[in-house]
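**Q** What follows is a single structure, and I will ask about it in a moment.
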Amino acid sequence: MNKRIIAIGGGELKTHETLAIDEYIAREAKKAAGARRACGLFIPTASHDCMPYYNTFHKVYTGLFDIKTDVALICNRDIDMGKMRAKFEKADFIYVGGGDTVYMIKAWSESGLLTLIKEAYERGVILCGLSAGAICWFEEMYSDSVIEGEYAMHSGLGWLEGKISPHYNDRTLDFDKIVLYNKYRAWGLENNAALEIVNGQPIKSISAGGKVVILDGTSGEKVVKTEFIS
C-alpha cells in the first residue's frame, strides 16, 4: 500500500482558508472508501483535545463533503485501546490538528496512540495534518512548542527525511538564517499550502493561496514547488 502524508503549513479551517486543500483531501478519502461513505478521524492531541476544534473539523468535512467523522481523545483520560483501534480501522484518512507538537508526540508515545497511527500509515490510510500535524512526521521541525515564542529545531518522528517549518510566511527570516548557517536542505510550508508525500517522496503541492518552498542552505537557493514527480 502507498504511504501518504498531506502536510498543511497552516491556515484557519474554521473560516475555510484551507478549503481547496480540504476538498482535495475529501476527494482522495472518497476514492479510498469506494462504495462506502468515507470516514475521517480527527486527532486534536496538540490542542489538548480541544473539542471546539473537532466540531469545526466535523462541520467542514461532514457539512461540506458528506464525510463521516470521529475523534481520538487521549489527554488526561483512560483509553480503551480496543475501542480506539476500531476508530482507526474505520478511518479512510486521519487529520492531526495544530498546537503543541512536542507535547503531542510525547502524549502519543506514552498513550500507545503512536502505534495505531503508524499501523494506519503502513496500511495506506492517508495521514493529514495542519501545523503541528504537518511537521511531526519529519526528522526535525521548527517550533516554539517548548517555550512559547522561542523557536528552535526539535526532533520529530523521523518518518520523513528532512527539516521543516510550518507558517513559513510568518517565520521566513529566522528559519532562513538557521537553514543557511547550518547548510541544511529544508521545507518551508506557508499558511494555506500543503505538501503531499507518497512513500517518502514529495509528489506535489496543493495551494489554497500559499506556497511550498524548498530551501538549499548550501547554495542559498529558494525554490517554489508545485509538481515534483509526474
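The values are calculated or read from the model by the stated rules, or taken from the named source; none is laboratory data. Values in this document were obtained by computation on a predicted structure and should not be read as measured data. Ideal geometry is used to build each Cβ from the backbone, glycine not excepted, and the neighbour counts take in all protein chains shown. The accessibility values were calculated without ligands, DNA or RNA, using every heavy atom of the protein model including side chains. Shrake-Rupley method; radii C 1.70, N 1.55, O 1.52, S 1.80 Å.
**Q** Given 56, 45, which one is more than 23 Å from residue 200 (Cβ to Cβ), touching a residue at least 60 places away in the same chain (Cβ under 8 Å) and surrounded by 15 or more Cβ atoms within 10 Å (Cβ to Cβ)? Let's see the steps before the verdict.
**A** Numbers: 56 fails: touching a residue at least 60 places away in the same chain (Cβ under 8 Å).
That would be 45, the only listed residue that is more than 23 Å from residue 200 (Cβ to Cβ), touching a residue at least 60 places away in the same chain (Cβ under 8 Å) and surrounded by 15 or more Cβ atoms within 10 Å (Cβ to Cβ).
**Q** OK, next. I'd like to know if the stretch 173-182 contains one or more residues that are of a type in the set (Phe, Trp, Tyr), open to solvent by 50 Å² or more (accessible area, probe 1.4 Å) and in contact (Cβ under 8 Å) with a residue 24 or more places away in the chain. Quick ask: steps written out before the conclusion?
**A** If we filter the stretch 173-182 for residues that are of a type in the set (Phe, Trp, Tyr), which is where we start, we get 175, 181.
Retained after the next criterion (residues that are open to solvent by 50 Å² or more (accessible area, probe 1.4 Å)): 181.
This time we only want the ones that are in contact (Cβ under 8 Å) with a residue 24 or more places away in the chain, so: 181.
Checked the stretch 173-182: at least one residue is of a type in the set (Phe, Trp, Tyr), open to solvent by 50 Å² or more (accessible area, probe 1.4 Å) and in contact (Cβ under 8 Å) with a residue 24 or more places away in the chain.
**Q** Does residue 39 satisfy the criteria of being open to solvent by less than 40 Å² (accessible area, probe 1.4 Å) and more than 26 Å from residue 196 (Cβ to Cβ)? Full working, then the answer.
**A** Working: open to solvent by less than 40 Å² (accessible area, probe 1.4 Å): yes; more than 26 Å from residue 196 (Cβ to Cβ): no.
Answer is no for this residue.
**Q** Are there any pairs, at least 6 apart or on different chains, whose C-beta atoms fall under 6 Å, with the first in the stretch 98-125 and touching a residue at least 60 places away in the same chain (Cβ under 8 Å) and surrounded by 19 or more Cβ atoms within 10 Å (Cβ to Cβ) and the second part of a helix (DSSP H, G or I) and β-branched (Val, Ile, Thr), and if so, which?
**A** What qualifies is 107/45.
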